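To keep things clear, I will list the structure first and then write my remarks on it.
The values are calculated or read from the model by the stated rules, or taken from the named source; none is laboratory data. Just so we're clear, the structure is a prediction, and the values are computed from it rather than from any experiment. Neighbour counts are summed over all protein chains in view; Cβ atoms, including those assigned to glycine, are modelled from backbone coordinates with ideal geometry.
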Amino acid sequence: MSSQQKLVVAHAPYWHDGSKISTKNYHVIIAALPAVLMGISQYGTPALGVIAFAMACAVIWELVWNLVLGKSMSIGDGSAVVTGLLLGMLMPATAPWWVIVLGTFIAIIVGKQIFGGIGFNPLNPPLLALAMLVISFKGVFDFDEALRHYDLGFIMTYPLADLKAFGPAAIEKFSLGDLFMGRQAGAIGSTFGLGLIVGGLYLILRGYVRWEISLSFLAGVFITALLFNLSDSAKYAGPLFHLFTGYTLIAAFFLVPEDSSSPANFIPMLIFGVLAGVMTVLIRNIGAYVDGVPFSILLMNLANPLLDKIRPKAIGKVVENA
Amino acid sequence: MIKRSFLGLVKPRFEYNLAPDPVQDVPLPKTVTLLLKAGQNGGGATALKVGDPVKTGQKLASSPDSAEYVISSVTGSVSAMAPYVDAYGRQCTAITIQASGQDDWDDGFDKAPTLDTALKFFEYAPGNPSFKAFADPEKTIRTIVVNGMEQDLLLTVNQCVVQNEAADIKSGVEALKKMTGVDRILMTVPENLVQPATTTGAEVKTVRGTYPEGLPHMIMKDVVGQVVSADDTLADAGVVFVSAEAVAAIGAAFNAGQLPVTKVLTVAGKDGSTRNVRTRIGTPLGDVLQACNVTLTERDRLILGGPMRGIATYSEDLPVEPGTDGVVVQDDVDSAQATDYPCINCGECVRICPVRIPVNMLVRLLEARLYEDAAAIYDLHCCVECGLCSYVCISRIPIFQYIKLGKYELSLIETAEAANE
């Protein structure tokens, strides 16, 4: 009899494509870097402080939760870091520290962990935090007020606020090129359109983001804004303005396609994206809030389980007719 | 191992190994071990005891009429008999035979081409053909598919046989027609083997070389043009699949008057190199590996079958069985490590599933042990068991294992319900 080696027994398949959740999250961070670096270069140390503090707080909240509940450590998967980074990108550079502590608490604990952690969150964690903060602390997210001490060489009023308050006539002073290149007031990581698109395309090509959701969201925003604009151009801004301002682009590539709160089948993904885009413009144009992104996406997150029931019939499935 | 491509937007594509290696012979083993499945009433091989002489080609069973039997692949004497439980919990008796080194052929093989002969002698042929469906009065078999495709990546067993033993397949096809009375015999081969396949007299169909197109359910859908519903078996749909190797073995048996006792299998080493060997059924895996200069070290994986659907086993003393199409040795650092991370709903499995099962939802129900709901709502029984969902899972959930477990648990429930009626 041959000498016995101890062999490892496991179930098939014995091959794996090597993907990991942590790898995916690190790629999301890399893709977000252009927009983040632009924000930091514009607003300086305070912006760096907000981003770094938000990431640190998010990881600490996750760590605290792991320790308190005696669960296995999940901070290594990068999910908390990404949540913190995205929340930081959605905030003005002047956000006070306690808003960040509270916001990351909402995102990590309320938005994700109480539902069971990664993969179980029905809502997008950073957006849930943003929505609750916007409702609770209007002043912090009033970008005109928050950024009043900055003069960066471009118009330092928040484009969407101008549109809401004074109509399309007030936004003629913004050139689309400036808006696209990040020469606009706003949150740290959501104004640099070019950077967000480059990062988003990178994620789509690497297969980390579902292109169906991103593109249909943008299409939803574009078409709805276009229809409003065509019906009354004196009252409603053009579609490109809506694409390049506020949270539209960061939402399209980093927030709407969040895995657990969005559908996985093809048609539901399209419906999900388009409706989120439509809702965004509806809120901006006729709703109460300056930017509709957090609310429209959270609303669609709620519809996600229902939407994902629209799926192709499995091959061989027996349909029982009543 | 094929890794995720840089452009993750593109779905990974798996090509079958379509370049069969030449077949080399493994030296006659000193001992062979044959695994005799326990019959319906659980009886072991009572007709046999340690020390009994056996001849090559001799049928060994608990009783002469038993449906479960093995065919001795060497001449020698029984040196040990021990109970053995296989990976799926089936009771077997492991009969070890000490080989004398000479082949003395048993003359029990009845050459009449009848279904009875098939049931009595060919169920233990290489490739594990099953003729039970033909004897079942509730099933009407209209088509036999001689599958020249492999059941897993890396393997080239059936292609080898089609390439080298087309004449035997021709005799086998004729014998199959006589034994079963089925006229329509299809043969599925990859594009490059159409030439030898046309000489066999079967109706030749080509199958694309991408995994999992060679699996019976996929062939049914794409080649036969008949989707097997989730509640039915292939036999319910009127089709029986027989591997090309089995058909060639049957043809050779009728030509030579001797029962098949050898098996061709693909051996894949740690570096991914493959070679094909012909060995006696029952040869210890260690002997096969030795003949191929493949050495095992601590914590390796020894996989019976292929990398996507095979069964990892725990000892190199286990034998080559008639259904063992391949042996893959994998280093610990190369093997996929499953985790207990939850599904993050990324949808990769949904997009890669060849039968469009909502795997993201299915795995949630299976994790919660809701097997009946999983079958009723999320199409558990549609699964063709290709393993691609586990391959692409970013959370590294053992999805394939959950699916097999779910099916197994449901089969237990069904057996229990049938017993209660």
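Points worth noting:
- Members of the range A:77-117 found to be within 17 Å of the chain's Cα centre (by Cα) and within 14 Å of chain B (Cβ to nearest Cβ), listed by number: A:78, A:79, A:80, A:82, A:83, A:112
- Criterion violated by residue B:324 - all others in (1) outside any loop (DSSP other than H, G, I, E, B); (2) more than 10 Å from every other protein chain (Cβ to nearest Cβ); (3) of a type in the set (Ser, Thr, Tyr) satisfied: (1)
- The residue list B:163, B:159 contains one member that is of a type in the set (S, T, N, Q) and buried (at least 24 other Cβ atoms within 10 Å of the Cβ), which is B:159.
- The lone exception for residue B:389 - which of (1) touching a residue at least 60 places away in the same chain (Cβ under 8 Å); (2) closer than 16 Å to residue A:265 by Cβ; (3) more than 7 Å from chain A (Cβ to nearest Cβ) it fails: (1)
- Restricting the range B:327-353 to residues that are in contact with an Asp or Glu (Cβ under 7 Å, 6 or more places away or on another chain) and within 7 Å of chain A (Cβ to nearest Cβ), the residue that is surrounded by the most Cβ atoms within 10 Å (Cβ to Cβ): B:346
- Options B:328, B:355, B:392, B:359; residue that is β-branched (Val, Ile, Thr), over 23 Å from residue A:76 (Cβ atoms) and touching a Pro at 6+ places or on another chain (Cβ under 9 Å): B:328
- Residues satisfying the stated conditions in the range B:285-305, i.e. of a type in the set (A, V, I, L, M), closer than 17 Å to residue A:12 by Cα and more than 7 Å from chain A (Cβ to nearest Cβ): B:304
- Residues satisfying the criterion are absent from the range A:58-72 (criterion: over 24 Å from residue A:27 (Cβ atoms) and in contact with a Ser or Thr (Cβ under 8 Å, 6 or more places away or on another chain)).
- Count - residues of the range B:354-382 that are more than 10 Å from every other protein chain (Cβ to nearest Cβ) and within 25 Å of the chain's Cα centre (by Cα): 1
- Highlighted here are the strands (runs of 3 or more DSSP E) found entirely within the range B:231-320 that include at least 3 residues which are under 30 Å from residue B:380 (Cα atoms): B:239-243, B:301-304, B:311-313.
- Taking the numbered list (1) buried (at least 24 other Cβ atoms within 10 Å of the Cβ); (2) on the phi > 0 side of the Ramachandran plot in turn, residue B:272 passes all entries but (1).
- In the range B:394-421, residue surrounded by the fewest Cβ atoms within 10 Å (Cβ to Cβ) [restricted to those that are more than 8 Å from every other protein chain (Cβ to nearest Cβ) and in a loop (DSSP other than H, G, I, E, B)]: B:421
- Count of the range A:249-305 residues which are assigned to a helix (DSSP H, G or I), away from chain B (no Cβ under 14 Å) and of a type outside the set (Phe, Trp, Tyr): 28
- Which listed residue, of A:44, A:18, A:49, is exposed (fewer than 15 other Cβ atoms within 10 Å of the Cβ) and more than 28 Å from residue B:401 (Cβ to Cβ): A:44
- Any chance residue A:246 is within 14 Å of chain B (Cβ to nearest Cβ), part of a loop (DSSP other than H, G, I, E, B) and either touching a helix residue (DSSP H, G or I) at 6+ places or on another chain (Cβ under 9 Å) or in contact (Cβ under 8 Å) with a residue 60 or more places away in the chain (or both): no
- Residue tally, condition more than 29 Å from residue B:148 (Cβ to Cβ) and not in a helix (DSSP H, G or I), over the range B:337-362: 12
- Meets criteria (assigned to a strand (DSSP E or B), closer than 30 Å to residue B:401 by Cβ and not polar (S, T, N, Q)) for residue B:78: no
- Helices (runs of 4 or more DSSP H) wholly inside the range A:86-202 that include at least 1 residues being touching a residue at least 40 places away in the same chain (Cβ under 8 Å), touching a His at 6+ places or on another chain (Cβ under 9 Å) and closer than 22 Å to residue A:254 by Cα: A:159-166
- Looking across A:210, A:206, one residue alone is at pLDDT below 95, crowded, with 24+ Cβ neighbours inside 10 Å and of a type outside the set (A, V, I, L, M). It is A:210.
- Residue tally, condition touching an Asp or Glu at 6+ places or on another chain (Cβ under 8 Å) and more than 7 Å from chain A (Cβ to nearest Cβ), over the range B:306-321: 1
- Residue match in the range B:308-323 (condition: touching a strand residue (DSSP E or B) at 6+ places or on another chain (Cβ under 9 Å), more than 19 Å from residue A:4 (Cβ to Cβ), crowded, with 18+ Cβ neighbours inside 10 Å and charged (D, E, K, R)): yes
- Output for the range B:167-225, where each listed residue is closer than 24 Å to residue A:316 by Cβ and assigned to a helix (DSSP H, G or I): B:216, B:217, B:218, B:219, B:220, B:221, B:222, B:223, B:224
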